[in-house]
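The block underneath contains the structure these notes are about, expressed in structure tokens.
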Amino acid sequence: MRNQRDWLAAELERRGVTRREFMGFCAAMASALALPDAAAAQIARAIQKTEKPVLVWLEFQDCAGNTESFLRASRPTAAEVILDTLSIDYHETIMAAAGHQAEANLARTVKERPGGYIAVVEGSIPTGANGAYCTIGGRSALDIAREVCGQAMATIAIGTCASFGGIPAAGPNPTGALGVSAAVPGVKNLINLSACPANVENLTALLVHFLTFKRWPDLDHYRRPLFAYGKSIHDGCERRAHYDAGQYVEEWGDAGHRAGYCLYKMGCKGPVAFQNCPHIKWNGGTNWPIGCGHPCIGCSEPNFWDTMTPFYQHLPGVPGFGAASNIDTIGLIAVTGVGAAFAGHGLIQIMKRVGEDAEPVTPKTEEGGQQ
Amino acid sequence: MSRVIVDPVTRIEGHLRIEAEVDGGVVKDAWSSSTMFRGIELILKGRDPRDAWAFAQRICGVCTTVHAIASIRAVENAIGSAPPPNVRLLRNLIIGAQCVQDHVVHFYHLHALDWVDIVSALSADPAKTSSLAQSISDWPLSSPTYFAGVRDRVKAFVERGQLGPFANAYWGHPAYRLPPEANLMAVAHYLEALDWQREFIKLHAVLGGKNPHLQSFLVGGMSTPIDPNSQSALNAGTIAELKQLVARARDFVVRVYIPDLLAIAGFYKDWAGHGKGVGNYLAYGEYPDDDTASPALFIPGGIIRGRDISKTETFDAAKVTEYISHSWYDYQQGDAVSLHPFKGETSPNYTGPTPPYERLDTDKKYSWLKSPRYADEPMEVGPLARMLVAYVSGQPRVKELVDGVLKALNVGPEALFSTLGRVAARGIETQLLAEKMDAWVDGLAANMEAGDFRIHDTSKWDPSSWPAEAMGAGFHEAPRGALAHWVNIGNGLIQNYQCVVPSTWNAGPRDAKGRRGPYEEALIGTPVADAERPIEILRTVHSFDPCMACGVHVVDARGRQITDVRVS
Ligand code: SF4
């Protein structure tokens, strides 16, 4: 823990990041976090003074997609700095150590810094077969999560699997997979960064917020940060004018598709999916799925593998979606509506699952939250 | 005899555990176990086959395109969909980019630390590193100042006292053989490659909306419209962007990756004598060159048996079957049979020890992977299999590149059947593809110019156009090897879905006849100088580029099983 003060300032200098660029980054973060302009200075002050934060990154029933997303951090330069210069004490995909030496790294962090590290969880946690559906070093994912998240200062469930169970929990959920909040109730300062995978820019902004204010930003009722999940895809979509004008793609590659018409009729779930994709896009702002002519599949929403499928069947025509709508009403309408539309595809089972799983992700059953 | 357990095997995708019997400093026997199961095949049952690619894609977030491609091809094969020519080019570009990016990331970020000692790099003389770098490549980032900067940055990092992901590794292990200067060069390129992959993979965002988990696939085509007059479609600007991304990627591969690979391999030539494996190689082939029903392939498919490189056999899809005799599944007909994927069953039945456990019962069932066999024999898949089959088939550029590498290392073709051979084959394939991608971009540009904007076979989109019952298979060469999905469709919904993936071929456990899988076989005879730090096991396992989503574990953290370790 020596030479910790101002590590970021020194790191920035070493990497040739100018003060101006750094302030630009802080301003961008303030904007991403929907904070007033004045917050940029506060962010700059705080993250230059902060200690190098320790992170342990656990992978359970995952595909490493969030890890890959994390490795793609590319904008702005200072964001890379922040991510690169976290102390990532444990991360199976990138760490040099293996076997018991790797496990020793994790054990040391938990033992030496109880309450002093951030746990990131990727992948769902299976509860079937006594935990044998996912073991690491002979221990079950549930056992590891209880210990590591239980003693973390905060836990980030990254991706929809860790947030809500994701694809392993899709019907019939063969392994009894759950998200972190449901598998390990009571985890302190838990935040869900859902999406399949989560966008690294949101992780950056989230960490910047935490380093600056020592607490998570405001959350929605799924414990997702409002700065990233406060508005629907539809509200920010570049094709929205076509939606409002009734101009829809009817067939893949038709004139409307080539002209960038709305993808609603091809199955777009943008109206019921909450995330800032249209604003920040992907891979350094290069593109996003709707920019590639493909409908949104609603990957940020709980149970989307069941409630948003079939992906290419359009949403029932529910009027009144718009900037003023909020997720509580829309989500309910959408789930009910989609369920009814797919009555032939196991509606009862899906509705039952939605009802069961909705409970544990609400914040009221958890302690902590925003401090 | 002592049992060495590596769990987790890190720097891979997925959860993998290796148990090995070590005697006299050599691995005498080995067991490979995948310790995670999600059941995506079961989750796919009863769903719309047009959605399957998105589910299957989540099997892996590293090779984020490969299961989508295999799934789409399987469904298209079943329903008789015929995508137009642009789709072949778009998919070839996406597949090629996946392979090039993945191989480079594997070399530098997942494998290099088995050969490169970061701590040793701190004592390097930047001037000497500079002359070394300049002697092997004209890559511009090679001045003494540059390398001094990298060394100082790593030094500052080490001195800060938080080694993060580099803590507690095998630094200083006698099996590391590079001089400090070569280590420093490799560390610099580890960092450069991290930046490189972020930039290059923007190609996937351009053609797929995002990476990981691209979202422009469709059964029957692609969702990316083509129209030179639209800002919402692939246009002339996109072509220019693609050309630039491909050119920069090629530059890095040819001027950094390949020279590094040859330089590092030069210090580890004895690894051409380790990690032999089962000696049978299987490749489906990839990169269709035309739009006929059975197109010519840029990288040919075929089978090589018993390391006989005088000929290849033609692949026959009917000969693929899977055993579960040592896997935590049940078959209705019992454990001794093997089933073709069209008749495949996925019925999980865990019979191993209740976690937390110290040891698996390796005499019984010990893995979540099945044991695929071709004509009842184990097969190695991956870059080595592909390059061997292409070499023996006489693919001209592969022949040229393989012979060039063998000459540079001054070894014969038999050296390819090894840990080092796998690493070399991966590099050769990367160069081959990095050179080829430009032609696919040109193909797209030519179609665009000729006014062919088609991206989808819409005639087969509506399920009412499908037969009531249909079966299909989709074959693909993923970076890690031969991948196939098998789908049975009835009344427009998926009735059965089976995936036989590269890591199942390579990492699968023993079959009903007790024959080892390729990882297990390749580990036999591997030297282990220090059973507490079995870097040699990692070298051979990593040479396959395991893709399980995180894991081979040697030795448990609590309750050491190793006793009486004789270090020779
Ligand atoms: S329906 Fe989809 S494509 Fe259309 S405007 Fe809304 S989000 Fe955009």
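Quick grid of which residues meet (1) more than 14 Å from chain A (Cβ to nearest Cβ); (2) modelled with pLDDT of 95 or more; (3) closer than 20 Å to B:LEU90 by Cα:
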site: B:ALA205; (1), (2), (3): no, yes, yes
site: B:ALA233; (1), (2), (3): no, yes, yes
site: B:ILE239; (1), (2), (3): yes, yes, yes
site: B:GLN244; (1), (2), (3): no, yes, yes
site: B:VAL254; (1), (2), (3): yes, yes, no
site: B:TYR257; (1), (2), (3): yes, yes, no
site: B:ALA272; (1), (2), (3): yes, yes, no
site: B:GLU286; (1), (2), (3): yes, yes, yes
site: B:ASP289; (1), (2), (3): yes, yes, yes
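The condition (being open to solvent by 30 Å² or more (accessible area, probe 1.4 Å), polar (S, T, N, Q) and touching a Ser or Thr at 6+ places or on another chain (Cβ under 6 Å)) is satisfied by just one residue among B:SER338, B:SER327, B:SER367, B:SER347: B:SER338. In region B:265-290, which residues are crowded, with 16+ Cβ neighbours inside 10 Å, touching a Lys or Arg at 6+ places or on another chain (Cβ under 6 Å) and not in a loop (DSSP other than H, G, I, E, B)? Hits for region B:265-290 are B:ALA283, B:PRO288. Please indicate, with yes or no, whether at least one residue in region B:478-488 is modelled with pLDDT of 95 or more and in a helix (DSSP H, G or I). So far as region B:478-488 goes, no, none of its residues is modelled with pLDDT of 95 or more and in a helix (DSSP H, G or I). Going by the structure shown, is A:HIS221 of a type outside the set (D, E, K, R), away from chain B (no Cβ under 13 Å) and within 15 Å of the ligand (Cβ to nearest atom)? In short, no.
As a summary of the residue check, B:ALA112 satisfies the conditions (1) farther than 27 Å from B:GLU192 by Cβ; (2) modelled with pLDDT under 95 except for the one numbered (1).
Looking at A:ARG239, is it more than 16 Å from the ligand (Cβ to nearest atom), touching a residue at least 40 places away in the same chain (Cβ under 8 Å) and either touching a Gly at 6+ places or on another chain (Cβ under 8 Å) or charged (D, E, K, R) (or both)? In short, no.
Please indicate, with yes or no, whether at least one residue in region A:84-96 is more than 24 Å from the chain's Cα centre (by Cα), at pLDDT below 85 and within 7 Å of another protein chain (Cβ to nearest Cβ).
First, the residues of region A:84-96 that are more than 24 Å from the chain's Cα centre (by Cα): A:96.
With the extra rule that they be at pLDDT below 85, the set shrinks to A:96.
After this cut, where a residue has to be within 7 Å of another protein chain (Cβ to nearest Cβ) as well, the list is A:96.
Yes; the residues of region A:84-96 include at least one that is more than 24 Å from the chain's Cα centre (by Cα), at pLDDT below 85 and within 7 Å of another protein chain (Cβ to nearest Cβ).
Would a scan of region B:110-128 turn up a residue that is more than 28 Å from B:ALA450 (Cβ to Cβ) and free of Cβ contacts under 8 Å to residues at least 12 places away in the same chain? Checked against the condition, which is being more than 28 Å from B:ALA450 (Cβ to Cβ) and free of Cβ contacts under 8 Å to residues at least 12 places away in the same chain, region B:110-128 yields no hits at all. With respect to the conditions (1) in contact with a Pro (Cβ under 6 Å, 6 or more places away or on another chain); (2) within 13 Å of the ligand (Cβ to nearest atom), A:ARG258 falls short on a single one, namely (2).
Going by what's in this entry, would A:LEU178 be described as on the phi < 0 side of the Ramachandran plot, open to solvent by 10 Å² or more (accessible area, probe 1.4 Å), facing chain B (nearest Cβ under 10 Å) and under 22 Å from the mean Cα position of the chain (by Cα)? No; evaluated as a whole, the condition is false for this residue.
So in region A:261-299, with the set limited to residues that are closer than 15 Å to B:LEU207 by Cα and within 11 Å of the ligand (Cβ to nearest atom), which one is surrounded by the most Cβ atoms within 10 Å (Cβ to Cβ)? Quick ask: steps written out before the conclusion?
Taking region A:261-299 as the starting set, the residues that turn out to be closer than 15 Å to B:LEU207 by Cα are A:281-295.
Subset that is within 11 Å of the ligand (Cβ to nearest atom): A:288-291, A:293-295.
Details: A:TRP288: 25, A:PRO289: 27, A:ILE290: 26, A:GLY291: 24, A:GLY293: 29, A:HIS294: 26, A:PRO295: 23.
Once the filter is applied, the top-ranked residue is A:GLY293.
State the number of residues belonging to region B:465-509 that are over 26 Å from B:VAL62 (Cβ atoms) and surrounded by 24 or more Cβ atoms within 10 Å (Cβ to Cβ).
So in region B:465-509, the residues over 26 Å from B:VAL62 (Cβ atoms) come out as B:465-471, B:488-493, B:495-496.
Pick out the ones that are also surrounded by 24 or more Cβ atoms within 10 Å (Cβ to Cβ) and you get B:489.
Number satisfying all stated conditions: 1.
Looking across region B:441-453, the residues that are in contact with a helix residue (DSSP H, G or I) (Cβ under 6 Å, 6 or more places away or on another chain) and open to solvent by 10 Å² or more (accessible area, probe 1.4 Å) come down to B:GLY443, B:ALA445, B:ASN447. All conditions in (1) away from every other protein chain (no Cβ under 14 Å); (2) among the polar types (S, T, N, Q); (3) out of contact with any strand residue (DSSP E or B) (no Cβ under 9 Å at 6 or more places or on another chain) hold for B:GLN197, with the sole exception of (1).
Taken as a whole, the structure places A:VAL249 among residues that are more than 26 Å from the chain's Cα centre (by Cα), within 12 Å of the ligand (Cβ to nearest atom), buried (at least 24 other Cβ atoms within 10 Å of the Cβ) and at pLDDT 95 or above. Among the residues of region B:370-405, the one identified as open to solvent by 20 Å² or more (accessible area, probe 1.4 Å) and assigned to a strand (DSSP E or B) is B:GLU377. The listed residues are B:LEU214, B:LEU262, and the only one of them that is aliphatic (A, V, I, L, M) and outside any loop (DSSP other than H, G, I, E, B) turns out to be B:LEU262.
Among the residues of region B:17-25, is any touching a Gly at 6+ places or on another chain (Cβ under 7 Å) and either at the interface with chain A (Cβ under 10 Å from one of its Cβ atoms) or closer than 30 Å to B:GLY472 by Cα (or both)?
yes
Of the residues A:ALA145, A:ALA195, A:ALA228, only one is more than 16 Å from the ligand (Cβ to nearest atom) and within 30 Å of B:SER347 (Cα to Cα); which? So that I can check it myself, show each step before the final result.
Details: A:ALA195 fails: more than 16 Å from the ligand (Cβ to nearest atom); A:ALA228 fails: within 30 Å of B:SER347 (Cα to Cα).
Unique residue meeting the criteria: A:ALA145.
Out of B:ALA167, B:ALA175, one residue alone is surrounded by fewer than 22 Cβ atoms within 10 Å (Cβ to Cβ), among the hydrophobic types (A, V, I, L, M, F, W, C), farther than 24 Å from B:LYS436 by Cα and modelled with pLDDT under 90. It is B:ALA167.
Each residue in region B:15-48 was checked for being basic (Lys, Arg) and within 30 Å of B:GLU76 (Cα to Cα), and 3 pass.
Put simply, of B:ALA408, B:ALA424 the only residue that is touching a residue at least 60 places away in the same chain (Cβ under 8 Å) and either in a strand (DSSP E or B) or open to solvent by 40 Å² or more (accessible area, probe 1.4 Å) (or both) is B:ALA408. Inspect all residues belonging to region A:23-34 and state whether any of them is assigned to a loop (DSSP other than H, G, I, E, B) and modelled with pLDDT under 75. For region A:23-34, residues assigned to a loop (DSSP other than H, G, I, E, B) and modelled with pLDDT under 75: absent. Of the residues in region B:224-231, none is open to solvent by 20 Å² or more (accessible area, probe 1.4 Å), of a type in the set (Gly, Ala, Ser), free of Cβ contacts under 8 Å to residues at least 12 places away in the same chain and within 14 Å of another protein chain (Cβ to nearest Cβ).
The values are calculated or read from the model by the stated rules, or taken from the named source; none is laboratory data. No experiment lies behind these values; they were computed from the predicted model shown. Cβ coordinates were reconstructed from backbone atoms using ideal geometry, including for glycine residues, and neighbour counts include every protein chain displayed. Note: accessible area is taken over every heavy atom of the protein model, side chains too, but ligands, DNA and RNA are not part of it. Shrake-Rupley method; radii C 1.70, N 1.55, O 1.52, S 1.80 Å.
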